[in-house]
Amino acid sequence: MAAPQGYPLLCLENPLLDIQARGDDALLEKYGLKANDAILAEDKHMGIYEDLLARDAKLIPGGAAQNTARGAQYMLPEQSVVYIGCIGKDKYGEVLKKTCEEAGVHTEYRVDEAQPTGKCGVVITGHHRSMCTHLAAANEYKIEHLKQPEIWSLVEKAQVYYVGGYHLTVCVPAIIALGEEAAAKNKTFMLSISAPFIAQFFKDQLDSVLPYTDYTFCNETEAIAYSEGHQWGTEDITEIAKKLAQLPKKNTQRPRVAIVTQGTLPTIVAIGSATGTVEVKEFKVREISKEAINDTNGAGDAFAGGFCAGIVAGKSLDDSIDMGQWLASKSIQELGPSYPFPKQTY
Ligand code: 26A
(Lines give C-alpha, C1' and ligand atoms only; values in the text may rest on other atoms or scores of the structure.)
Protein backbone atom coordinates (compact mmCIF):
# COMPACT_ATOMS: atom_id res chain seq x y z
CA MET A 1 0.00 0.00 0.00
CA ALA A 2 1.35 3.41 -0.96
CA ALA A 3 1.58 5.88 1.90
CA PRO A 4 -1.35 8.32 1.49
CA GLN A 5 0.91 11.29 2.14
CA GLY A 6 3.39 10.02 -0.48
CA TYR A 7 7.16 9.64 -0.15
CA PRO A 8 9.51 12.62 0.05
CA LEU A 9 12.18 10.94 -2.14
CA LEU A 10 11.35 9.43 -5.54
CA CYS A 11 14.03 7.47 -7.43
CA LEU A 12 13.83 6.34 -11.05
CA GLU A 13 16.03 3.98 -13.04
CA ASN A 14 16.71 0.41 -14.12
CA PRO A 15 15.93 -2.39 -11.65
CA LEU A 16 18.59 -5.07 -12.17
CA LEU A 17 19.72 -8.23 -10.50
CA ASP A 18 23.51 -8.33 -10.14
CA ILE A 19 25.22 -11.62 -10.95
CA GLN A 20 28.51 -11.02 -9.21
CA ALA A 21 31.59 -13.22 -8.97
CA ARG A 22 35.35 -12.95 -8.69
CA GLY A 23 36.97 -13.10 -12.09
CA ASP A 24 40.40 -12.82 -13.66
CA ASP A 25 42.09 -11.24 -16.67
CA ALA A 26 41.18 -14.22 -18.85
CA LEU A 27 37.46 -13.68 -18.20
CA LEU A 28 37.74 -9.94 -18.84
CA GLU A 29 39.65 -10.66 -22.05
CA LYS A 30 37.14 -13.26 -23.25
CA TYR A 31 34.44 -10.56 -23.34
CA GLY A 32 36.69 -7.61 -24.13
CA LEU A 33 35.91 -5.90 -20.81
CA LYS A 34 37.95 -3.30 -18.93
CA ALA A 35 38.67 -4.05 -15.26
CA ASN A 36 36.69 -1.01 -14.10
CA ASP A 37 33.79 -0.12 -16.33
CA ALA A 38 30.05 -0.34 -16.95
CA ILE A 39 28.67 -1.16 -20.38
CA LEU A 40 25.50 -2.31 -22.10
CA ALA A 41 25.72 -5.96 -23.17
CA GLU A 42 25.86 -6.78 -26.88
CA ASP A 43 25.22 -10.24 -28.37
CA LYS A 44 28.87 -11.21 -27.86
CA HIS A 45 28.54 -10.63 -24.10
CA MET A 46 25.52 -12.83 -23.48
CA GLY A 47 27.59 -15.83 -22.33
CA ILE A 48 29.03 -13.93 -19.40
CA TYR A 49 26.10 -14.58 -17.07
CA GLU A 50 26.52 -18.37 -17.38
CA ASP A 51 30.29 -18.00 -16.95
CA LEU A 52 29.78 -15.98 -13.77
CA LEU A 53 27.23 -18.47 -12.42
CA ALA A 54 29.78 -21.25 -13.07
CA ARG A 55 32.14 -19.27 -10.82
CA ASP A 56 29.71 -19.48 -7.95
CA ALA A 57 28.27 -16.02 -8.56
CA LYS A 58 26.12 -14.36 -5.93
CA LEU A 59 22.74 -12.94 -6.94
CA ILE A 60 22.51 -9.50 -5.39
CA PRO A 61 19.82 -6.85 -5.95
CA GLY A 62 21.39 -4.03 -7.96
CA GLY A 63 20.51 -1.30 -10.41
CA ALA A 64 22.39 1.84 -9.49
CA ALA A 65 19.52 4.10 -8.39
CA GLN A 66 17.73 1.18 -6.73
CA ASN A 67 20.85 0.80 -4.58
CA THR A 68 20.70 4.54 -3.86
CA ALA A 69 17.00 4.26 -2.94
CA ARG A 70 17.73 1.45 -0.46
CA GLY A 71 20.67 3.44 0.89
CA ALA A 72 18.64 6.60 1.45
CA GLN A 73 15.85 4.65 3.16
CA TYR A 74 18.50 3.03 5.40
CA MET A 75 19.19 6.46 6.92
CA LEU A 76 15.65 7.92 6.90
CA PRO A 77 12.43 7.35 8.86
CA GLU A 78 10.01 4.69 7.54
CA GLN A 79 8.15 5.34 4.27
CA SER A 80 10.55 7.95 2.96
CA VAL A 81 11.47 6.47 -0.43
CA VAL A 82 9.64 5.22 -3.51
CA TYR A 83 11.47 3.62 -6.43
CA ILE A 84 10.14 3.18 -9.97
CA GLY A 85 11.37 1.18 -12.96
CA CYS A 86 10.42 -1.85 -15.05
CA ILE A 87 10.91 -5.54 -14.17
CA GLY A 88 9.84 -8.80 -15.83
CA LYS A 89 7.24 -11.28 -14.65
CA ASP A 90 9.75 -13.72 -13.15
CA LYS A 91 11.70 -14.93 -10.14
CA TYR A 92 14.41 -12.28 -10.40
CA GLY A 93 11.77 -9.56 -10.41
CA GLU A 94 10.23 -11.06 -7.27
CA VAL A 95 13.66 -11.05 -5.59
CA LEU A 96 14.09 -7.34 -6.33
CA LYS A 97 10.64 -6.49 -5.01
CA LYS A 98 11.20 -8.47 -1.84
CA THR A 99 14.62 -6.91 -1.19
CA CYS A 100 13.23 -3.41 -1.57
CA GLU A 101 10.30 -4.24 0.71
CA GLU A 102 12.70 -5.58 3.34
CA ALA A 103 14.73 -2.38 3.04
CA GLY A 104 11.54 -0.36 3.52
CA VAL A 105 11.59 1.05 -0.02
CA HIS A 106 8.16 1.26 -1.63
CA THR A 107 8.32 0.06 -5.24
CA GLU A 108 6.02 0.95 -8.07
CA TYR A 109 7.43 -1.39 -10.71
CA ARG A 110 5.90 -1.64 -14.09
CA VAL A 111 5.85 -5.37 -14.90
CA ASP A 112 6.59 -6.19 -18.53
CA GLU A 113 4.86 -9.33 -19.79
CA ALA A 114 7.37 -10.18 -22.52
CA GLN A 115 10.91 -9.38 -21.31
CA PRO A 116 12.75 -10.92 -18.36
CA THR A 117 14.03 -8.80 -15.46
CA GLY A 118 17.28 -7.03 -16.35
CA LYS A 119 20.58 -8.35 -15.08
CA CYS A 120 24.07 -7.01 -14.58
CA GLY A 121 27.12 -9.29 -14.75
CA VAL A 122 29.70 -8.01 -12.28
CA VAL A 123 33.28 -9.26 -12.58
CA ILE A 124 35.32 -8.50 -9.49
CA THR A 125 39.12 -8.39 -9.87
CA GLY A 126 40.85 -7.02 -6.77
CA HIS A 127 39.20 -3.70 -5.94
CA HIS A 128 37.92 -3.26 -9.48
CA ARG A 129 34.51 -4.16 -10.85
CA SER A 130 33.44 -4.54 -14.46
CA MET A 131 29.72 -4.44 -15.13
CA CYS A 132 27.92 -5.71 -18.21
CA THR A 133 24.18 -5.03 -18.26
CA HIS A 134 21.42 -6.72 -20.19
CA LEU A 135 18.54 -4.30 -19.58
CA ALA A 136 15.73 -6.49 -21.00
CA ALA A 137 12.53 -5.46 -19.13
CA ALA A 138 14.28 -2.44 -17.61
CA ASN A 139 14.42 -0.99 -21.12
CA GLU A 140 10.61 -1.04 -21.37
CA TYR A 141 9.85 1.88 -19.07
CA LYS A 142 7.92 4.53 -21.01
CA ILE A 143 6.66 8.02 -20.24
CA GLU A 144 3.05 6.78 -20.23
CA HIS A 145 3.89 4.53 -17.25
CA LEU A 146 5.11 7.52 -15.28
CA LYS A 147 2.03 9.51 -16.29
CA GLN A 148 -0.45 6.93 -14.98
CA PRO A 149 -2.54 8.79 -12.38
CA GLU A 150 -1.54 6.60 -9.42
CA ILE A 151 2.18 6.96 -10.27
CA TRP A 152 2.04 10.64 -11.17
CA SER A 153 0.32 11.42 -7.88
CA LEU A 154 3.42 9.99 -6.12
CA VAL A 155 5.58 12.19 -8.33
CA GLU A 156 3.54 15.22 -7.28
CA LYS A 157 3.79 14.33 -3.60
CA ALA A 158 7.59 13.86 -3.70
CA GLN A 159 9.92 16.72 -2.79
CA VAL A 160 13.22 15.32 -4.02
CA TYR A 161 13.95 13.33 -7.21
CA TYR A 162 16.99 11.16 -7.81
CA VAL A 163 17.54 9.73 -11.28
CA GLY A 164 20.35 7.36 -12.25
CA GLY A 165 22.03 8.53 -15.44
CA TYR A 166 21.80 4.97 -16.76
CA HIS A 167 18.14 5.72 -17.38
CA LEU A 168 19.23 8.07 -20.16
CA THR A 169 19.60 4.92 -22.28
CA VAL A 170 15.98 4.00 -21.55
CA CYS A 171 13.50 6.89 -21.28
CA VAL A 172 14.63 10.52 -21.50
CA PRO A 173 11.04 11.89 -21.54
CA ALA A 174 10.40 10.40 -18.08
CA ILE A 175 13.52 12.09 -16.72
CA ILE A 176 12.52 15.41 -18.28
CA ALA A 177 9.00 15.10 -16.84
CA LEU A 178 10.48 14.77 -13.33
CA GLY A 179 12.88 17.65 -14.02
CA GLU A 180 10.02 19.88 -15.21
CA GLU A 181 7.95 19.03 -12.13
CA ALA A 182 10.91 19.88 -9.87
CA ALA A 183 11.72 23.13 -11.68
CA ALA A 184 8.09 24.29 -11.79
CA LYS A 185 7.59 23.81 -8.04
CA ASN A 186 11.14 24.58 -6.85
CA LYS A 187 11.72 21.00 -5.71
CA THR A 188 15.09 19.26 -5.76
CA PHE A 189 16.28 17.26 -8.78
CA MET A 190 19.43 15.15 -8.64
CA LEU A 191 21.14 13.08 -11.32
CA SER A 192 24.20 10.88 -11.39
CA ILE A 193 26.18 10.61 -14.63
CA SER A 194 26.60 6.92 -13.68
CA ALA A 195 29.24 5.77 -16.20
CA PRO A 196 31.76 7.14 -18.70
CA PHE A 197 29.76 5.66 -21.60
CA ILE A 198 26.80 7.87 -20.66
CA ALA A 199 28.96 10.99 -21.01
CA GLN A 200 30.46 9.69 -24.27
CA PHE A 201 27.66 7.95 -26.16
CA PHE A 202 24.56 9.48 -24.57
CA LYS A 203 25.96 12.98 -24.58
CA ASP A 204 22.95 14.70 -26.16
CA GLN A 205 20.52 12.91 -23.86
CA LEU A 206 22.65 13.87 -20.86
CA ASP A 207 22.87 17.49 -21.97
CA SER A 208 19.09 17.62 -22.39
CA VAL A 209 18.56 16.79 -18.70
CA LEU A 210 21.52 18.51 -16.99
CA PRO A 211 19.76 21.93 -16.95
CA TYR A 212 17.21 20.43 -14.52
CA THR A 213 19.82 19.22 -12.03
CA ASP A 214 20.24 20.91 -8.67
CA TYR A 215 22.81 18.28 -7.70
CA THR A 216 24.95 16.53 -10.33
CA PHE A 217 26.95 13.51 -9.18
CA CYS A 218 29.81 11.78 -10.93
CA ASN A 219 33.11 10.09 -10.19
CA GLU A 220 36.48 11.13 -11.55
CA THR A 221 36.37 8.97 -14.70
CA GLU A 222 32.89 10.20 -15.58
CA ALA A 223 33.99 13.79 -15.00
CA ILE A 224 36.92 13.33 -17.38
CA ALA A 225 34.72 11.57 -19.96
CA TYR A 226 32.30 14.53 -19.81
CA SER A 227 35.13 17.03 -20.18
CA GLU A 228 36.57 15.13 -23.16
CA GLY A 229 33.18 14.82 -24.83
CA HIS A 230 32.69 18.58 -24.55
CA GLN A 231 36.23 19.54 -25.54
CA TRP A 232 36.77 21.36 -22.27
CA GLY A 233 40.48 20.64 -22.65
CA THR A 234 41.04 19.75 -19.00
CA GLU A 235 41.37 16.64 -16.88
CA ASP A 236 41.57 18.69 -13.69
CA ILE A 237 38.74 17.44 -11.49
CA THR A 238 38.25 20.74 -9.66
CA GLU A 239 38.05 22.64 -12.96
CA ILE A 240 35.52 20.15 -14.34
CA ALA A 241 33.42 20.31 -11.15
CA LYS A 242 33.36 24.11 -11.41
CA LYS A 243 32.28 24.00 -15.04
CA LEU A 244 29.56 21.43 -14.28
CA ALA A 245 28.23 23.70 -11.53
CA GLN A 246 28.05 26.62 -13.97
CA LEU A 247 26.22 24.88 -16.82
CA PRO A 248 22.87 26.47 -17.77
CA LYS A 249 20.14 25.84 -15.22
CA LYS A 250 16.37 25.73 -15.58
CA ASN A 251 15.41 26.55 -12.00
CA THR A 252 17.36 29.69 -11.15
CA GLN A 253 15.98 29.81 -7.60
CA ARG A 254 18.72 27.44 -6.44
CA PRO A 255 22.38 27.20 -7.40
CA ARG A 256 23.72 23.97 -8.87
CA VAL A 257 26.02 21.79 -6.82
CA ALA A 258 28.37 19.42 -8.68
CA ILE A 259 29.76 16.57 -6.59
CA VAL A 260 32.69 14.51 -7.86
CA THR A 261 33.76 11.45 -5.86
CA GLN A 262 37.18 9.96 -6.53
CA GLY A 263 37.52 6.67 -4.68
CA THR A 264 39.73 7.16 -1.63
CA LEU A 265 40.74 10.68 -2.71
CA PRO A 266 38.72 13.66 -1.38
CA THR A 267 35.25 14.39 -2.75
CA ILE A 268 35.22 17.66 -4.71
CA VAL A 269 32.10 19.81 -4.37
CA ALA A 270 31.53 22.89 -6.55
CA ILE A 271 28.68 25.21 -5.61
CA GLY A 272 27.44 27.62 -8.25
CA SER A 273 25.74 30.96 -7.61
CA ALA A 274 23.41 33.38 -9.33
CA THR A 275 26.30 35.79 -9.91
CA GLY A 276 28.36 33.16 -11.71
CA THR A 277 30.98 32.67 -8.99
CA VAL A 278 31.73 29.13 -7.82
CA GLU A 279 32.80 27.96 -4.41
CA VAL A 280 34.82 24.73 -4.17
CA LYS A 281 35.01 22.50 -1.11
CA GLU A 282 36.91 19.26 -0.52
CA PHE A 283 35.81 16.48 1.82
CA LYS A 284 38.11 13.65 2.91
CA VAL A 285 36.58 10.17 2.70
CA ARG A 286 36.15 7.99 5.78
CA GLU A 287 39.19 5.79 5.89
CA ILE A 288 38.84 2.09 6.43
CA SER A 289 41.57 -0.50 6.30
CA LYS A 290 42.21 -2.36 3.03
CA GLU A 291 41.42 -5.65 4.76
CA ALA A 292 37.99 -4.38 5.82
CA ILE A 293 36.99 -3.72 2.19
CA ASN A 294 34.80 -6.47 0.77
CA ASP A 295 34.13 -4.98 -2.65
CA THR A 296 33.59 -1.48 -3.96
CA ASN A 297 30.66 -2.34 -6.25
CA GLY A 298 27.94 0.15 -5.37
CA ALA A 299 30.12 2.56 -3.37
CA GLY A 300 29.02 5.53 -5.48
CA ASP A 301 25.38 4.52 -5.22
CA ALA A 302 25.70 4.29 -1.44
CA PHE A 303 27.34 7.71 -1.31
CA ALA A 304 24.43 9.16 -3.28
CA GLY A 305 21.97 7.35 -0.97
CA GLY A 306 23.45 8.83 2.19
CA PHE A 307 23.63 12.24 0.55
CA CYS A 308 19.98 12.09 -0.58
CA ALA A 309 18.98 11.09 2.96
CA GLY A 310 20.71 14.20 4.26
CA ILE A 311 19.01 16.50 1.76
CA VAL A 312 15.59 14.92 2.41
CA ALA A 313 16.14 15.32 6.16
CA GLY A 314 16.97 19.00 5.67
CA LYS A 315 20.65 18.68 6.66
CA SER A 316 23.34 21.07 5.45
CA LEU A 317 25.42 20.33 2.36
CA ASP A 318 28.45 19.44 4.50
CA ASP A 319 26.45 17.10 6.73
CA SER A 320 24.81 15.46 3.71
CA ILE A 321 28.24 14.80 2.17
CA ASP A 322 29.38 13.23 5.41
CA MET A 323 26.28 11.02 5.51
CA GLY A 324 27.12 9.90 1.96
CA GLN A 325 30.69 9.11 2.91
CA TRP A 326 29.55 7.21 5.98
CA LEU A 327 27.13 5.04 4.01
CA ALA A 328 29.72 4.41 1.25
CA SER A 329 32.24 3.24 3.86
CA LYS A 330 29.62 0.85 5.26
CA SER A 331 28.60 -0.49 1.84
CA ILE A 332 32.12 -1.37 0.69
CA GLN A 333 32.46 -3.63 3.72
CA GLU A 334 29.49 -5.66 2.41
CA LEU A 335 29.22 -7.91 -0.62
CA GLY A 336 27.95 -5.87 -3.57
CA PRO A 337 25.69 -2.85 -3.25
CA SER A 338 24.36 -3.78 0.20
CA TYR A 339 24.16 -2.23 3.66
CA PRO A 340 24.95 -3.72 7.07
CA PHE A 341 22.30 -5.76 8.81
CA PRO A 342 21.37 -5.36 11.64
CA LYS A 343 21.10 -1.70 10.93
CA GLN A 344 23.89 0.59 12.07
CA THR A 345 23.13 4.18 12.94
CA TYR A 346 24.96 7.22 11.70
C1 26A B 1 22.10 0.72 -18.22
N2 26A B 1 23.11 0.21 -17.31
C3 26A B 1 24.38 -0.13 -17.90
C4 26A B 1 22.85 0.13 -15.95
C5 26A B 1 23.78 -0.41 -15.03
C6 26A B 1 23.43 -0.38 -13.67
N7 26A B 1 22.27 0.12 -13.23
C8 26A B 1 21.44 0.60 -14.14
N9 26A B 1 21.69 0.60 -15.47
N10 26A B 1 25.00 -0.98 -15.12
C11 26A B 1 25.40 -1.29 -13.87
N12 26A B 1 24.45 -0.93 -13.00
C13 26A B 1 24.42 -1.09 -11.55
O14 26A B 1 25.43 -0.35 -10.96
C15 26A B 1 25.53 -0.83 -9.64
C16 26A B 1 26.86 -0.44 -9.05
O17 26A B 1 27.01 0.93 -9.04
C18 26A B 1 24.66 -2.51 -11.10
O19 26A B 1 23.45 -3.22 -11.08
C20 26A B 1 25.29 -2.33 -9.72
O21 26A B 1 24.40 -2.71 -8.70
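The values are calculated or read from the model by the stated rules, or taken from the named source; none is laboratory data. Here the structure is a predicted model, which means the values were calculated and not measured. Methodologically, a virtual Cβ is constructed for each residue, glycine included, from the backbone with ideal geometry; neighbour enumeration extends over all protein chains shown. In case anyone asks, the SASA skips ligands and DNA or RNA and just uses the protein heavy atoms, side chains included. Shrake-Rupley method; radii C 1.70, N 1.55, O 1.52, S 1.80 Å.
Return only the number of the condition from (1) modelled with pLDDT of 95 or more; (2) within 21 Å of the chain's Cα centre (by Cα) that K58 does not satisfy.
K58 satisfies all of (1) modelled with pLDDT of 95 or more; (2) within 21 Å of the chain's Cα centre (by Cα) except (1).
Residue check, I293 against (1) under 20 Å from L191 (Cα atoms); (2) open to solvent by 10 Å² or more (accessible area, probe 1.4 Å); (3) touching a residue at least 40 places away in the same chain (Cβ under 8 Å), all met but one. Which one?
(1)
Tell me, yes or no, whether the range 6-24 has at least one residue that is of a type in the set (D, E, K, R) and farther than 30 Å from S80 by Cα.
Scanning the range 6-24 turns up at least one residue that is of a type in the set (D, E, K, R) and farther than 30 Å from S80 by Cα.
Criterion first (touching a Gly at 6+ places or on another chain (Cβ under 9 Å) and either over 26 Å from G23 (Cα atoms) or not in a helix (DSSP H, G or I) (or both)) does Q66 satisfy it?
Against the criterion (touching a Gly at 6+ places or on another chain (Cβ under 9 Å) and either over 26 Å from G23 (Cα atoms) or not in a helix (DSSP H, G or I) (or both)), Q66 does not qualify.
Scanning for something over 30 Å from Y74 (Cβ atoms), in contact with a strand residue (DSSP E or B) (Cβ under 7 Å, 6 or more places away or on another chain) and free of Cβ contacts under 8 Å to residues at least 40 places away in the same chain, does the range 270-279 turn up at least one residue?
Yes, the conditions are met somewhere in the range 270-279.
Is it the case that some residue within the range 308-327 is within 12 Å of the ligand (Cβ to nearest atom) and in contact (Cβ under 8 Å) with a residue 60 or more places away in the chain?
No, the range 308-327 contains no residue that is within 12 Å of the ligand (Cβ to nearest atom) and in contact (Cβ under 8 Å) with a residue 60 or more places away in the chain.
Tell me, please, whether a residue that is more than 20 Å from A174 (Cβ to Cβ), within 13 Å of the ligand (Cβ to nearest atom), at pLDDT below 95 and open to solvent by less than 70 Å² (accessible area, probe 1.4 Å) can be found in the range 83-98.
Within the range 83-98 (the criterion being more than 20 Å from A174 (Cβ to Cβ), within 13 Å of the ligand (Cβ to nearest atom), at pLDDT below 95 and open to solvent by less than 70 Å² (accessible area, probe 1.4 Å)), the answer is no, since none of the residues qualifies.
Would you say V172 is within 16 Å of the ligand (Cβ to nearest atom), surrounded by fewer than 20 Cβ atoms within 10 Å (Cβ to Cβ) and closer than 17 Å to Y212 by Cβ?
Considered against the rule, which asks whether it is within 16 Å of the ligand (Cβ to nearest atom), surrounded by fewer than 20 Cβ atoms within 10 Å (Cβ to Cβ) and closer than 17 Å to Y212 by Cβ, V172 comes out as yes.
Residue check: is A137 out of contact with any Leu (no Cβ under 9 Å at 6 or more places or on another chain), open to solvent by less than 30 Å² (accessible area, probe 1.4 Å) and under 27 Å from S80 (Cα atoms)?
So A137 fits the description; yes.
I'd like to know if the range 72-80 contains one or more residues that are under 24 Å from I332 (Cα atoms), in contact with a Gly (Cβ under 8 Å, 6 or more places away or on another chain), buried (at least 18 other Cβ atoms within 10 Å of the Cβ) and of a type in the set (F, W, Y).
So far as the range 72-80 goes, yes, one or more of its residues are under 24 Å from I332 (Cα atoms), in contact with a Gly (Cβ under 8 Å, 6 or more places away or on another chain), buried (at least 18 other Cβ atoms within 10 Å of the Cβ) and of a type in the set (F, W, Y).
Scan the range 25-56 for residues that are within 13 Å of the ligand (Cβ to nearest atom) and part of a loop (DSSP other than H, G, I, E, B) and report the count.
So the count comes out to 4.
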